[in-house]
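The structure appears below as structure tokens.
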Amino acid sequence: MKTIGLLGGMSWESTVNYYKAINTGVKNALGGLHSAKICLYSVDFDEIEKLQHQNQWEQTGEILAKAAKRVEAGGADCLLICTNTMHKVAAQIGAEIAIPILHIADATAYALQQQGITRVGLLGTRFTMEQDFYKARLRDKFGIEVLIPNQTERDLVHNVIYNELCLGQVNESSRNAYLEIVESLNQQGAQGVILGCTEIAMLIKQSDTQVPLFDTTEIHANYAVEFALNAK
């Protein structure tokens with residue numbers, strides 16, 4: 001079994017779910033008392049969040065690259081950046097380490113392809129929804145068209161992530177608002193919706209809607225388990 005490197009803490013609320021999902025995946029695959037070999041480095045998200053909103057992306061990349069090198073030094077065979085948004089600096093991080101980064105957008109694209117989905121909605125932070133580092137990868141590498149909510153909806157999605165979910169708060173009113181946005185994207189032609197922030201699955205689940213949802217935390221974790229067990 002290979003050792004999975006996790007670059008977490010963004011937020012720690014979702015990193016907990018990564019840890020649980022990866023260990024559950026290994027246990028289900030191997031049975032008995034098996035668990036995953038994991039090397040985890042968790043950053044202080046307050047520092048990262050401030051730099052995000054100041055548009056200081058290179059500085060965030062420097063912090064995460066330094067952390068990634070510590071994960072590699074700890075014996076990891078791959079690296080998962082446990083957040084969609086910070087894949088914006090994945091190339092900067094990857095340039096500093098020798099182990100492969102298992103990209104969250106690639107893992108998600110493979111899951112979409114398995115379901116025959118070519119047009120998908122995307123929920124996430126404002127950075128993930130509005131900038132091209134995520135959408136363009138799905139489009140250019142996999143031929144998947146991406147729809148995003150309107151400006152007012154994007155603001156709501158973003159604010160709920162940072163002001164509620166990253167603080168461990170799950171509010172019914174926010175769940176209902178998210179589900180309305182999911183339905184709107186579906187009516188615009190989205191065959192499914194990517195939960196493109198690792199905290200969103202804390203708020204809405206597949207049982208809440210008939211629109212297919214793609215939980216990037218679960219997908220990314222499963223992708224790592226396949227890598228660790230040489231299933232790829």
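Assorted remarks:
- Taking each residue of segment 203-232 that is without any contact (Cβ under 8 Å) to a residue 12 or more places away in the chain and looking for partners that are hydroxyl-bearing (Ser, Thr, Tyr) and part of a helix (DSSP H, G or I) with beta-carbon atoms closer than 9 Å, six or more apart or interchain, yields LYS232/TYR223.
- Extreme residue, most open to solvent (accessible area, probe 1.4 Å), among residues of segment 72-94 that are among the hydrophobic types (A, V, I, L, M, F, W, C) and farther than 26 Å from ILE200 by Cα: ALA73
- Qualifying positions in segment 1-35 - farther than 17 Å from LEU229 by Cβ, open to solvent by less than 30 Å² (accessible area, probe 1.4 Å) and not hydrophobic (A, V, I, L, M, F, W, C): GLY8, GLY9, SER11, SER14, THR15
- You will find that of ASN176, ASN171, the residue that is surrounded by fewer than 16 Cβ atoms within 10 Å (Cβ to Cβ), more than 17 Å from the chain's Cα centre (by Cα) and within 27 Å of GLY9 (Cβ to Cβ) is ASN171 and no other.
- Among all residues of segment 46-54, there is at least one that is touching a helix residue (DSSP H, G or I) at 6+ places or on another chain (Cβ under 8 Å) and loosely packed, with under 15 Cβ neighbours inside 10 Å.
- Top-ranked residue in segment 182-203 [being closer than 15 Å to LEU156 by Cβ and over 19 Å from the mean Cα position of the chain (by Cα); ranked as most open to solvent (accessible area, probe 1.4 Å)]: GLU183
- Selection from segment 65-89 of residues that are aliphatic (A, V, I, L, M), in a helix (DSSP H, G or I) and touching a residue at least 24 places away in the same chain (Cβ under 8 Å): ALA65, ALA67, ALA68, VAL71, MET86, VAL89
- Checked against (1) farther than 28 Å from LYS50 by Cα; (2) part of a helix (DSSP H, G or I), GLN191 passes all but condition (2).
- Residues located in segment 16-46, provided they are farther than 29 Å from ASN163 by Cβ and charged (D, E, K, R): LYS27, LYS37
The values are calculated or read from the model by the stated rules, or taken from the named source; none is laboratory data. Note that the structure is a prediction, hence the values are computed from the model and not measured. Cβ: placed from backbone, ideal geometry, glycine included. Neighbour counts: every protein chain shown. What goes into the accessible areas is simple: the full protein's heavy atoms, side chains included, and nothing from ligands, DNA or RNA. Shrake-Rupley method; radii C 1.70, N 1.55, O 1.52, S 1.80 Å.
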